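Worksheet: one structure, shown below.
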Amino acid sequence: MRERRITLLVNGAPVTRTLAVESLLRDFIRDDLGLTGTKAACDDGMCGACAVHLDGAPVKSCLVLAVEADGRAITTIEGMGRPGALHPVQAAMAEAFAIQCGFCTPGMVMTIAAFLEDNPDPSTDQIREALVGNICRCTGYVRIVQAARAAAQAGRALRATRAGLASDPAGGKP
Amino acid sequence: MTVAARLGQSLPKVDNVALATGSARYVGDLRPAGLLHGRIVRSPLAHAMVLGVDASAALALPGVVCVIRPEDVADLPGFSLAHIKDQRVLAADRVRFVGDPVAAVIAVSEAIAEEALDLVIVEYQELPAVFDGEAALAADAPVIHPEPLDGVDGNVCWRQVCRAGDIDAAFAAADLVLRERFRTSKAHAMPMETHGALAEWDAAEEHLTLWSSTQNAHTLRDDLADTLGLARSRVRVIKPYVGGAFGHKEGLHSHEALAALGAMRTGRPVRFLLTRHEEFGATVSRNVMVRDVELALRNDGTVLAWRERIVQDCGAYASISPSVLALSEFVTVGPYRTPALDIQGVVAYTNTPPAGAFRGFGNPQATFTRELMFDIAARRLGLDPAEFRRRNLLRSEDLPGTTANGLRLQTLPIGECAERAMAAIDYDGLRRARIPWRGVGIVNMIEWGGSCRWHPGYDADTGSVTVTMAPDGSLTLGTDAADSGQGHATLFTQIAGEILGVRADQVRVVMADTDATPWGLGTYGSRTAVVQGSAAYRALTLLRDRLAVVAAHLLEADERDLVLEAGRFVVAGTDRGVPVGDVAAVIHYDRSALPPGMEPSALVVSATWDEPNEIPDANGRGSFSGNYSCSTTIAVVDVDPETGKVTVVDWACAEDVGRALNPAIVTTQLQGGIAQGIGFALGEELILDESGTLMNGSMADYQVPTSLMIPLMEERLIHVESHDPVHPMGHKGIGESGITPPAAAIACAVFDAIGVPITSLPISAEKVRAAILARVGSQR
């Protein structure tokens with residue numbers, strides 16, 4: 001078994017580990033790092049439950065070798081938000097009743113968050129297209145699409161507020 | 001939150017944060033020190049004798065800790081989800097389907113356990129196999145269970161009838177008799193989380209703990225303890241977060257017993273997680289049914305009688321298939337006036353993966369059969385499908401009342417459901433539009449809204465709740481109910497808020513932990529809101545009454561004058577009151593403040609709800625559910641005539657929910673069920689090759705609906721509220737209501753679009769295209 005030492009940023013913190021070169025990024029995240037929010041639900045890249053961000057881009061971590069993350073940055077669901085400070089996509093999922101069993105939820109959050117970064121004002125059909133690689137067996141997707149729409153709206157509102165603050169020397173104060 | 005949640009309010013799910021942040025722990029996320037990993041050696045043959053298992057090479061592999069062989073478990077009794085105990089922890093001398101467990105390997109890592117699977121050498125003697133329910137009933141078919149089993153005769157696992165009225169007279173009086181054969185498919189529940197279990201054995205305390213992805217902690221505990229020969233109190237089953245279940249995580253499975261045996265043998269924690277392929281190929285799927293119908297009609301469309309013969313394939317083991325057939329028969333004639341019926345069904349063993357419980361439990365098959373048959377009849381008679389149904393629906397003057405086969409109906413607003421669904425989607429406008437290759441299907445269904453009493457093993461339909469109030473007035477609610485995403489903790493929090501005025505942040509719900517929660521049958525059959533919900537209502541009401549006695553004493557008032565407002569007992573019409581927490585503190589700590597003769601005590605109340613239903617008689621007559629719900633569904637589809645592809649373009653459903661306790665949860669339960677039903681209608685099917693080997697056991701090959709396949713139905717999902725009197729909160733169970741109508745509705749819509757009924761599920765593009773070509777050919 002060939003091993004290799006890798007160094008990467010995990011949710012903003014530097015990590016160095018020695019691991020078998022054939023280790024999947026998904027298994028490295030779950031078993032070596034103990035970050036079990038990333039889920040394993042299939043073995044063929046079909047379900048999206050293991051989605052994480054690699055240098056900001058969404059990847060299915062069962063289709064990536066851990067050594068490919070050497071020198072790069074990964075973000076997992078644990079790096080997205082926490083109790084009392086949910087990421088806007090997490091908050092939108094909760095408010096929209098888009099979470100049932102929760103097993104697909106981390107992957108959905110990662111996929112939607114990355115999609116909205118690139119598409120701040122998506123149409124409903126664009127959202128449905130963006131979710132096609134993430135399987136949910138509980139909700140029928142209706143509320144997940146709603147949540148993505150709501151999160152996009154919240155993101156635009158936030159950016160508008162920030163832009164307003166930046167262009168206003170009084171910092172938005174009357 | 002500063003005020004208590006109430007019933008009827010869409011309280012956000014109380015476990016949202018744990019689920020959204022990934023901190024919720026499922027069985028695969030548990031990380032006990034010294035954990036070992038198990039994998040199951042499974043039969044590659046559909047039917048064979050097992051002559052021997054040689055584990056020496058596997059045991060020689062570094063990292064393998066032990067191998068469990070058939071002879072190690074030969075003395076353990078058989079088990080089953082129902083009464084026919086035809087399953088063994090490991091197939092003893094005979095394997096009966098590709099995937100039957102033969103041995104188990106336990107190793108220090110999952111990778112080593114997997115590597116060792118191929119090193120376990122099993123010697124088989126292959127036997128002839130049978131893969132079809134009807135073929136299995138032939139006189140010369142290989143017998144799959146030759147061992148003596150309760151009531152089993154050859155490959156006949158179970159017979160079930162449902163008979164009422166004078167069937168011969170009804171057929172003799174008919175203007176028209178129509179015959180048709182229907183076939184349903186072997187769909188799989190495919191929860192996102194596969195089955196898994198983790199066991200720990202404490203040898204000093206002689207106590208086993210099993211964390212399992214299950215729906216029924218207590219009955220799993222009982223069956224596991226009995227299988228292992230332990231007192232039931234020495235086994236603790238805990239349900240962690242469960243990633244979807246949909247009926248097929250009921251009862252004891254081999255991997256749970258193997259985890260326990262592995263832990264007892266090694267003294268270390270042992271976990272088995274089924275792979276996705278094992279999940280598809282070795283856990284229960286939906287029963288295939290072949291249904292031969294004869295329908296007796298008058299020329300005006302009046303249904304006079306329904307005669308049917310059903311062969312239901314249960315695969316290699318009975319599981320709960322007898323009950324699936326029974327319930328399917330009991331609801332076959334639906335929410336219609338049907339004076340005479342004669343349904344005779346057989347459950348047949350085959351050498352295929354076992355079938356049994358999957359959300360809907362026989363009703364999707366029955367509803368598909370009836371509603372498509374009705375459309376065939378309506379077309380023959382030149383009646384609009386909605387009008388044909390209207391002439392036969394049960395009416396308000398039939399209520400309250402009892403159907404021909406004994407279902408007791410207090411409320412069943414099917415007429416209102418039909419009107420509201422048709423209005424919501426403009427049914428008449430859709431009919432007038434006549435867009436080529438667009439079809440409209442309208443279907444009605446009846447559903448058990450009050451659980452079901454159909455376990456041949458016991459005359460009980462129970463769930464329990466224990467409420468414990470702490471001295472500060474906060475509440476722990478324990479129950480056998482086992483959430484797998486439905487929102488049970490949220491519902492119990494709302495019931496507590498309604499009855500005791502406690503805020504959500506004062507309530508902790510503990511579910512499905514046999515050392516911590518009271519006994520009950522767990523979660524299945526749309527039962528938790530009605531059964532454990534009603535138990536919670538009872539327990540909380542008893543607790544409120546206990547508190548009120550002391551509050552009245554403290555306030556020097558009459559108990560009958562007290563009202564609960566914002567967490568305080570208040571003397572009605574005054575501002576004199578006492579917080580619930582203060583009353584709880586007095587009860588725990590202060591004898592001098594209590595009414596004379598009352599001692600300080602813990603504040604613990606338990607209540608069980610046994611659903612008011614009955615086991616049907618030998619003719620299948622009786623009210624097996626406590627109440628019944630109904631719905632009308634309208635599907636609109638487009639058919640691509642070139643490819644046969646069916647696209648669902650619009651949907652309406654008016655569903656009798658009794659009373660929506662949390663409207664958003666009701667809606668999302670319906671949406672999720674409808675999505676699964678659309679998958680069942682259009683493509684989901686396990687496919688076996690001629691040797692019985694599963695051909696599509698992966699998520700790439702078994703295609704469940706994606707976000708593109710499901711219409712964004714929202715405003716046309718209508719809650720009809722009948723406020724049924726059977727349960728104290730007026731509601732009905734709705735967990736299975738979504739999945740039942742879609743196959744029927746889509747089949748009827750496709751029939752409308754192409755003019756030919758597709759009578760076998762799934763309604764694949766290939767079948768639709770072939771039907772279009774055949775019709776075109778016949779018109780030339």
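The table for this structure:
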| quantity | calculated |
| --- | --- |
| Accessible area of B:Glu397 in the full protein assembly, 1.4 Å probe (Å², nearest 10) | 130 Å² |
| Solvent-accessible area of B:Glu714 with every protein chain in place, 1.4 Å probe, in Å² to the nearest 10 | 50 Å² |
| Label zone at B:Ser601, where the point sits 7 Å out along the Cα-to-Cβ direction: segment B:439-483 residues whose backbone N lies under 13 Å | B:469 |
| Solvent-accessible area, 1.4 Å probe, carbon plus sulfur percent, for the protein assembly as shown | 50 percent |
| Accessible area of B:Trp211 in the full protein assembly, 1.4 Å probe (Å², nearest 10) | 60 Å² |
| Choice from A:Ala91, A:Ala66, A:Ala163 with maximal GNM fluctuation in chain A (Cα, 10 Å cutoff) | A:Ala163 |
| Radius, Kirkwood style, for the protein assembly as shown when every pair of distinct Cα atoms is counted (Å) | 29.4 Å |
| Estimated vicinal HN-Hα couplings, Hz - segment A:17-25 in sequence order (Karplus 6.51, -1.76, 1.60; Gly, Pro = x) | 9, 9, 8, 5, 5, 8, 4, 6, 4 |
| Full-extension gain in nm, B:Leu773 to B:Glu690, via 0.36 nm per residue minus C-alpha separation | 27.1 nm |
| Backbone N under 13 Å from the B:Arg380 label point (7 Å along Cα→Cβ), restricted to segment B:291-306 | B:293-306 |
| In the protein assembly as shown, lysine pairs closer than 28 Å at Cα, eight or more apart or cross-chain | 21 |
| Diffusion constant of chain B at 37 °C, which comes from Stokes-Einstein with the Kirkwood Cα-pair radius and 0.692 mPa s, µm²/s | 119 µm²/s |
| Extension gain, A:Val21 back to A:Ala160 (0.36 nm per residue minus Cα-Cα distance, nm) | 45.5 nm |
| P(r) tail fraction, segment B:281-322 - alpha-carbon pairs more than 11 Å apart, % | 72 percent |
| Protein-protein interface of segment A:108-148, residues with accessible area decrease of at least 40 Å², isolated chain reference, 1.4 Å probe | A:Arg128, A:Val132, A:Ile135, A:Arg137, A:Cys138, A:Gly140, A:Tyr141, A:Val142, A:Arg143 |
| Karplus-derived HN-Hα couplings along segment B:49-64 (A = 6.51, B = -1.76, C = 1.60, θ = phi - 60°), whole Hz, x at Gly and Pro | 8, 9, 8, x, 10, 10, 9, 4, 5, 5, 5, 7, 6, x, x, 7 |
| Square roots of five times the Cα gyration tensor eigenvalues for segment A:3-79, Å | 17, 14, 11 |
| Average accessible surface area per residue within segment B:1-84, 1.4 Å rolling probe, Å² | 39 Å² |
| Helix-only [θ]222 nm of chain A, DSSP H runs n ≥ 4, -39500 (n - 2.57) each, per residue, nearest 500 | -10000 deg cm²/dmol |
| Added length on full extension, which subtracts the Cα-Cα distance from 0.36 nm per residue, B:Asp226 to B:Glu123 | 34.1 nm |
| Virtual spin-label span in nm between B:Gln703 and B:Ala516, 7 Å along Cα→Cβ | 4.3 nm |
| Per-residue mean of C-beta atoms belonging to partner chains within 10 Å, peptide A:85-98 | 4 |
| Protection-proxy order for peptides B:469-478, B:256-265, each taking the mean of Cβ atoms within 10 Å per residue, highest first | B:256-265, B:469-478 |
| FRET efficiency, 1/(1 + (r/R0)^6) with R0 30 Å, evaluated for A:Asp43 and A:Asp125 via beta carbons | 0.50 |
| Within segment B:606-715, trypsin sites (Lys or Arg not before Pro) in DSSP loop having at most 16 other beta-carbon neighbours inside 10 Å | B:Lys645 |
| Heavy-atom surface of segment A:88-167, accessible at 1.4 Å and reported per residue (Å²) | 37 Å² |
| Solvent-accessible area buried by pairing A with B, both sides, nearest 100 square angstrom, 1.4 angstrom probe | 4000 Å² |
| Burial order of peptide ranges B:62-68, B:378-384 (average beta-carbon count within 10 Å, highest first) | B:62-68, B:378-384 |
| Volume of the Cα convex hull of chain A, divided per residue and given in Å³ | 132 Å³ |
| Chain B: antiparallel DSSP beta bridges as a percent of all, rounded to 5 | 75 percent |
| 1.4 Å probe, heavy atoms, protein only - residues of segment B:1-30 losing at least 30 Å² accessible area vs chain alone | B:Lys13, B:Asn16, B:Val17, B:Leu19, B:Ala20, B:Thr21, B:Gly22, B:Tyr26, B:Asp29 |
| Nitroxide proxy distance, nm - points 7 Å out along Cα→Cβ at B:Asp93 and B:Ser109 | 4.1 nm |
| Phi to ³J(HN,Hα) by Karplus 6.51 cos²θ - 1.76 cosθ + 1.60 over segment B:34-42, Hz, x for Gly, Pro | x, 4, 10, 10, x, 9, 9, 7, 10 |
| Chain B: DSSP helices with Cα axial extent of at least 30 Å and average Kyte-Doolittle hydropathy no lower than -1.0 | B:531-555 |
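The values are calculated or read from the model by the stated rules, or taken from the named source; none is laboratory data. This one's a predicted model, so the numbers in the text were calculated from it and none came from an experiment. All Cβ positions, even for glycine, are placed from backbone atoms using ideal geometry, and neighbour counts span all protein chains on display. These area figures cover heavy atoms from the full protein model, side chains too; ligands, DNA and RNA do not enter into them. Shrake-Rupley method; radii C 1.70, N 1.55, O 1.52, S 1.80 Å.
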